[in-house]
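Here, each number is a calculation from the coordinates, and none is a lab measurement. What you see is a predicted model, and the numbers here were worked out from it, not measured in a lab. Here Cβ is always computed from backbone atoms with ideal geometry, including for glycine, and neighbour counts include all displayed protein chains.
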Amino acid sequence: MKDEQRAAYRVPDDKCVVIIGMAGAGKTTMGRELAKMLDWLFMDTDSLIESAYGTRLQNVTDGMTKDEFLDMEAASIRKIRAQRCIIATGGSVVYREEAMNHLRGLGPILYTDVALPVILERIARKPDRGLAIGPGQTIEDLFNERKALYEKFATVKIYGGEEHCLVYARKAMEILENYFSRG
């Protein structure tokens, strides 16, 4: 993107934007589009964990208890040093306050709020996505448990759904521009 086109967006170059939400909320897909719009880098924290362990996220989560995974995820998050980056996080990142405090220091937290039926359908399409889920827990349990945490840590929120990811990326850009213009 040319500098004059990117200048139309009022998002500071020394910040990141961190995207949180449930698995299947479209964090990665929307994040990639936001990164293109801003001519920024894109980072997916699940991919960072996969590359550190040399295997798919589901294999990592299967090899640990839920608490072990959450502690490892938080430690990985706290190592991130970035700017001019859209960061899509794993859905479980909100369980560790120290991880969220670190991310908040990088820039605003954008919560992608998507209805449970959409989440269930998307997870069913990709069941190997690597969920940090406890024994006996359901996706509905996770959704209900995490919703309050997403709300707690969100700087701004976007409602997602069935539209194309570009629609949500544009809406997210408007929300972020409004946030940054308030100073």
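Of note:
- Most fluctuating residue given options 99, 25, 52, as computed from a GNM of the chain linking Cα atoms under 10 Å: 52
- Using only side-chain charges placed at the Cβ, +1 for Lys and Arg and -1 for Asp and Glu, the dipole size of the stretch 3-174 relative to its Cα centre rounds to 300 debye.
- Across the chain, Cα pairs under 8 Å and at least six residues apart give a relative contact order of 34 percent.
- Choice from 126, 66, 147 showing the highest fluctuation, given a GNM over the chain with Cα pairs closer than 10 Å: 126
- Label-point separation, residue 67 to residue 166 (7 Å along Cα→Cβ), nm: 4.8 nm
- Here the Gaussian network model covers the chain, with springs between Cα atoms less than 10 Å apart; of 105, 136, 21, 136 fluctuates the most.
- Farthest toward the positive end of the dipole of the chain, out of 51, 115, 30, is the Cα of 30, where the dipole comes from beta carbon charges about the Cα centre.
- Gain upon complete extension [residue 155, residue 118; 0.36 nm per residue less C-alpha separation]: 11.0 nm
- The stretch 128-183 and the stretch 27-73 have their alpha-carbon centroids 15 Å apart.
- Hits among lysines - C-alpha to C-alpha of residue 171 under 27 Å, sequence gap 8 or more where chains match: 2, 15, 27, 36, 126, 147, 152, 157
- Approximate spin-label separation residue 79-residue 98, in nm, with each point projected 7 Å along Cα-to-Cβ: 1.5 nm
- Going by neighbour counts of Cβ atoms within 10 Å, the residues 179, 95 line up, fewest first, as 179, 95.
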